[in-house]
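Right, one structure below, let's go through it.
Bear in mind these aren't lab numbers, they're just calculated from the coordinates by the rules spelled out. From a predicted model like this one, the values you see are computed outputs, not experimental measurements. Note: ideal-geometry Cβ built from the backbone for every residue, glycine included; neighbour counts use all protein chains shown.
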Amino acid sequence: MRKAFVILTAFSALILAGCEEEQVAVLPPPEPIDREATGYYCSMTVVDHKGPKGQIILQSKSEPLWFTAVRDTIAFTLLPEEAKDIAAIYVTDMAKAVEWDHPEHAGPWIEARNAWYVIGSDKRGGMGAPEAVPFGSKDAAEAFATKHGGQAYAFADIPHDAILGTTGDEQEAMPQHNMPGHTMSTPAHDKPMSMQHGKDHKQ
């Protein structure tokens with residue numbers, strides 16, 4: 001009887017382990033960036049912009065969505081009209097970046113939901129707007145904040161108004177973000193271009 005109990009217990013443990021393995025999702029790897037990558041909201045060449053970049057991989061698309069700024073990357077996840085079948089989100093790990101202007105040269109992608117972000121620093125993102133600067137560790141984020149100002153947040157704790165809100169710097173920069181033939185009431189980083197142009201990017 002005891003032997004049967006031991007066998008049954010071992011069998012149950014194997015089944016449980018198998019179920020746990022099935023529940024662990026395997027993330028698709030980040031795609032390498034090149035000059036063919038264009039920003040989802042601005043339609044500009046991503047590598048021509050300074051600062052950290054982002055990419056979102058959807059289950060329904062074979063190619064990633066590219067973003068010239070991490071703030072835009074996070075905004076995509078907050079806007080109700082954007083796709084929700086997100087398989088992975090990758091941002092530049094600035095702790096491993098060689099330089100601010102072109103950090104993608106080192107290729108340090110990290111999963112965005114595991115990163116730490118400095119909000120309110122003196123650094124500006126790809127479109128000249130305030131940026132959510134990503135790091136692979138809390139220590140690295142806090143060290144950056146000590147030098148450049150701002151506060152470190154985990155992905156889930158980032159204030160939404162820091163991503164979708166309007167700042168004075170953006171109001172001043174607003175004319176250069178206007179698209180020909182369109183009038184904007186808010187800057188591009190506050191109101192992504194996909195919201196201005198209807199479903200231009202929805203495929």
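Express in % the proportion of alpha carbon pairs of segment 21-72 at distances exceeding 18 Å. Looking at segment 21-72, the distances longer than 18 Å represent 34 percent of pairs. Reported to the nearest whole Å, the Cα centre-to-centre distance from segment 103-144 to segment 47-86 is 15.
Placing a label point 7 Å from the Cα of LYS138 along the Cα-to-Cβ line, the residues of segment 78-118 whose backbone N sits under 13 Å from it are 115-117.
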